[in-house]
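Read the structure below first, then the notes.
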Amino acid sequence: MRNALIAFTLIVLSPTLGQAQTPACDGLKGEHAALAKKILQSEHPYDCCDDTIAACLKKKPVCALVHRLAENVCGRVSRGQSETQVRRALSRRARSMVSMGKKAQIDLKDASGVGKADAPVILVEYACARCPYCAKITPKIYEAVKKGPLAGKVRFYFKTFPIRGHEYSKETGLGFVAAHRQGKFWEFLLLAYERFDAFCIKKQVDWAEEAGMDPARFSELVASPDVRAQLVESKKEGIVNGVDATPTFFINGRKFVGELAIEELIDVLEEEFDRASGVTHRR
Amino acid sequence: MSKSDHPGWLTAGLGTATRDAVVMALLLGGVGIIVNFFHPEKIPFVADAEYETMVPCPEPGGLVEGLGSDDPLLKSEATFLVDARPAEQHEQWKYQDAMNVPYDYLDPTPEATLLDLARRIARSKSQRVVVYGDGDEPDTGEQLGKEISGHGIKNVFFIRGGAPALRPESENGGER
């Protein structure tokens, strides 16, 4: 009788235990479910558990990273990404998060930051004021850090890296430094990025005034050799740290080489926060 | 020249070429549709979601290779030397007959300067370009080398350690 009960329990519960146990994975059906299963059964997490992601998901308590990676894989599959794309994204994420290389030396003394001052995760972005991609992603990160899912977890710094191929990258880069010196960096950056397509160099001073700066002082700073020198130092530091395109992100000193999408960035920053806060397993 | 002045073979040739082009376009289009039909990740004919190109912006430049300051290629007659340091420093000291093309981290090198450089390289019949800069980290020589290489000039090298590594100790204030 006891054996029958055990057998019955196993039969009833085994399909449930066999499921992926993450919301994104449980919601998959048909081909998507099969593809996610195939990937989860062959890829390994880069930390926390030595088995495949699928096998690690069955171990209790589940590693926070394993759950996060499974969600990531299933989310990608549900968005229609191919097997190659998903595997490549996992590999690049692993390279970013467990980089063994030397940490970047970043001087944050003269950089504008937002977010909790003693947050355990430091995110640094090197970006060009005239880079369309930066104009899209930077305000999203700002929002996430200021009042979104990264609030209290991440301190976000911006370093100007003018791309020489972009028209007016120098002038707008000087404008960013001038705004920083007047304590209106984020106001000016958000305005300049919001109106990215409407930019013309003559408007820069008007925008500075709109962002709350003294226009005369702004123009003076933009023309100052000292501001230029600061911009050059920022660029040189970026080059030394291996920046060759914008935006380039560093998470606690490690270059992020994963997918440059806001969802992915938020996910890896939350992962880093878990790690820094000692959260290894889900309850 | 009026239409009737065209030789017959030319108008006939144009007509045939146009017809062939249309036939080829239709055939290749058909092949594309068939391949797409059997492809596991079909490309939709009409975009089903807003498509946003989100491509990081690269710093323009090509590939360069580093050379030691004692590399024999430096002494070769087939080497064209470029000094990436500011004009004042170039005036004070230069390696052999290097041409000065000052590198700036913010402003791209003027097109006219790059064109002049390309002409001089072509005239000299050099087989390679060797750039030296301030030898700092980052090194202006390496950066200018990348810029030159990105403009289509092949075989561009830079000197590791830049001008301080090339300059004889007696002229270097012992900084070498």
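The values are calculated or read from the model by the stated rules, or taken from the named source; none is laboratory data. This one's a predicted model, so the numbers in the text were calculated from it and none came from an experiment. Don't worry about glycine lacking a Cβ; one is built from the backbone with ideal geometry, like all the others, and counts go over all protein chains shown. Accessible surface areas use protein heavy atoms only, side chains included; no ligands, DNA or RNA. Shrake-Rupley method; radii C 1.70, N 1.55, O 1.52, S 1.80 Å.
At-a-glance table
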item: Leading residue by the ranking (nearest to A:Gln204 (Cα to Cα)) among those in the stretch A:111-146 that are of a type outside the set (A, V, I, L, M) and within 11 Å of chain B (Cβ to nearest Cβ); result: A:Arg130
item: Verdict on B:Gly32 being in a helix (DSSP H, G or I) and either at pLDDT 85 or above or within 14 Å of chain A (Cβ to nearest Cβ) (or both); result: yes
item: Residue within the stretch B:39-49 that is in the same structural domain as B:Thr113 (by TED's automatic domain parsing) and open to solvent by 50 Å² or more (accessible area, probe 1.4 Å) present; result: no
item: Number of the exception - B:Met54 against (1) surrounded by 10 or more Cβ atoms within 10 Å (Cβ to Cβ); (2) more than 14 Å from chain A (Cβ to nearest Cβ); result: (2)
item: Hits in the stretch A:81-112 - residues which are open to solvent by less than 90 Å² (accessible area, probe 1.4 Å), among the polar types (S, T, N, Q) and in contact (Cβ under 8 Å) with a residue 60 or more places away in the chain; result: A:Ser96, A:Ser99, A:Ser112
item: In the stretch B:87-145, the residues that are open to solvent by less than 20 Å² (accessible area, probe 1.4 Å) and either in contact with a Cys (Cβ under 7 Å, 6 or more places away or on another chain) or aromatic (Phe, Trp, Tyr) (or both); result: B:Tyr105, B:Tyr132
item: Residue in the stretch B:110-132 that is assigned to a loop (DSSP other than H, G, I, E, B), within 13 Å of chain A (Cβ to nearest Cβ) and touching a helix residue (DSSP H, G or I) at 6+ places or on another chain (Cβ under 7 Å) present; result: no
item: Among (1) within 13 Å of chain B (Cβ to nearest Cβ); (2) out of contact with any Phe, Trp or Tyr (no Cβ under 7 Å at 6 or more places or on another chain); (3) in a helix (DSSP H, G or I), the one test that A:Lys235 misses; result: (2)
item: Test: residue in the stretch A:222-239 that is among the basic types (Lys, Arg), more than 19 Å from A:Tyr168 (Cβ to Cβ) and open to solvent by 20 Å² or more (accessible area, probe 1.4 Å); result: yes
item: Verdict on B:Leu81 being surrounded by 12 or more Cβ atoms within 10 Å (Cβ to Cβ) and in a helix (DSSP H, G or I); result: no
item: Among residues of the stretch A:238-247, those that are facing chain B (nearest Cβ under 7 Å) and part of a helix (DSSP H, G or I), counted; result: 2
item: Checking B:Asp83 against (1) closer than 27 Å to A:Ser169 by Cβ; (2) out of contact with any helix residue (DSSP H, G or I) (no Cβ under 7 Å at 6 or more places or on another chain), the condition it does not meet; result: (2)
item: Residue among B:Ser69, B:Ser149 that alone is assigned by TED's automatic domain parsing to the domain that holds B:Arg167 and part of a helix (DSSP H, G or I); result: B:Ser149
